[in-house]
1. Estimate the FRET efficiency between Ile84 and Leu112 by the formula 1/(1 + (r/R0)^6), using the beta-carbon distance for r and 22 Å for R0, to the nearest 0.05.
2. Which entries in the list Lys28/Lys55; Lys8/Lys111; Lys21/Lys52; Lys15/Lys115; Lys72/Lys111 go over 21 Å, if you measure between the two C-alpha atoms of each?
3. Sticking with the crude label model, points 7 Å out along Cα→Cβ, report the distance from Thr61 to Met35 in nm, one decimal please.
4. At q = 0.09, 0.12, 0.22 Å⁻¹, work out log10 I(q)/I(0) for the chain with the Debye formula, treating every Cα as an identical point scatterer and leaving solvent out; two decimals please.
5. At 0.36 nm per residue, and after removing the present C-alpha to C-alpha distance, how many nm does the segment from Val102 to Ala46 gain when stretched out fully?
6. How large is the dipole of the chain about the Cα centre if only Lys and Arg carry +1 and Asp and Glu carry -1, each at its Cβ, rounded to the nearest 20 debye?
7. Please report Rg (one decimal) and Dmax (integer) in Å for the Cα set of segment 9-59.
8. Which parts of segment 51-66 would a label at Glu73 reach, counting a residue when its backbone N lies under 12 Å from a point 7 Å out along Cα-to-Cβ?
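Values in this text are rule-based calculations from the coordinates and carry no lab data. In this text, all values refer to a predicted model and were calculated from it rather than measured experimentally. Virtual Cβ from ideal backbone geometry, glycine too; neighbours counted across all protein chains shown.
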Amino acid sequence: MDIETIRKRIEQVEKLQEEIKISKEMLKGELENEMNYLEAAEAVKAAVLKRKVIKEEILGTGPNQEVSAGIKENSDELKTLKEILSAELQEYHEKSHTDEVVGRKFVLSAKLLPKKSGYEKRDGEGRYAGVE
């Protein structure tokens, strides 16, 4: 694969992304011009707010707070373990040239970051350096 092929593919992706964005904006405008839709949207907002208040009351009790804290701790640990495993699998792939380990297959992926300024301060996965 040469760089010119990649450049053309990037252009195709960016063109389709822009077309989708314009189409979505057009549809959004149509929805915002329809009174029935706006009334229904307001009813949904009120229902969601009511549900949120009730949910916060239920989850605010002692035992539920403890369970929520445990979930957050475990989720944070799981995220860290997955990041470490990803790095280990990438290193393993570079050394062994295989996509299988302990009887399981894995895939490597790459992301193309937008051309906006500020991305030079991001790490290899697109996150700002030092931000979790």
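1. Using R0 = 22 Å, I get an efficiency of 0.35.
2. Exceeds cut-off: Lys28/Lys55; Lys21/Lys52; Lys72/Lys111.
3. A separation of 4.5 nm, rounded to one decimal place.
4. At q = 0.09, 0.12, 0.22 Å⁻¹ the computed log10 ratios are -0.63, -1.01, -1.22.
5. Values: separation 56, 0.36 × 56 = 20.16 nm, distance 5.08 nm.
Stretched fully, the Val102-Ala46 segment lengthens by 15.1 nm.
6. Magnitude of the dipole: close to 120 debye.
7. Both quantities, over Cα of segment 9-59: 17.9, 51 Å.
8. Under 12 Å, as judged by backbone N against the label point of Glu73, lie 66 of segment 51-66.
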